[in-house]
Amino acid sequence: MAIRDALLDVKRIALEVGMAPACTGGHLLRTGGITLLAEGGLIQFNIQVRSGHKSLGPLATRVRLKRSFGDSPLKWLKVYP
């Protein structure tokens, strides 16, 4: 699957669940992937190699803590119910 196709699928699914498709994008996919790698126990150096980050600072900002949609900042932007 091409990256563009994956992004279009994410936007379509976002619309189906009531989110604004404009709030989705490539960085959302990248952040999600990096978070999954971190949760899976991959060490930071290996994540950095895969993601192409030159330093750990920006990489660390891509790892998201688990939380429910109920306390998501998106709730305040009213992009989902």
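Going by the structure shown, is V49 touching a residue at least 60 places away in the same chain (Cβ under 8 Å) and on the phi < 0 side of the Ramachandran plot? It is false that V49 is touching a residue at least 60 places away in the same chain (Cβ under 8 Å) and on the phi < 0 side of the Ramachandran plot. In region 10-50, the residue that is farthest from T61 (Cα to Cα) out of those that are among the charged types (D, E, K, R) and surrounded by 13 or more Cβ atoms within 10 Å (Cβ to Cβ) is K11. Name the single residue, out of those in region 52-77 being touching a helix residue (DSSP H, G or I) at 6+ places or on another chain (Cβ under 6 Å) and under 13 Å from G33 (Cα atoms), that is modelled with the lowest pLDDT. Among residues in region 52-77 that are touching a helix residue (DSSP H, G or I) at 6+ places or on another chain (Cβ under 6 Å) and under 13 Å from G33 (Cα atoms), the one modelled with the lowest pLDDT is R64.
The values are calculated or read from the model by the stated rules, or taken from the named source; none is laboratory data. Because the structure is a prediction, the values reported are computed rather than measured. When we count neighbours, we look across all protein chains shown, and the Cβ atoms used for this are built from the backbone with ideal geometry, even at glycine.
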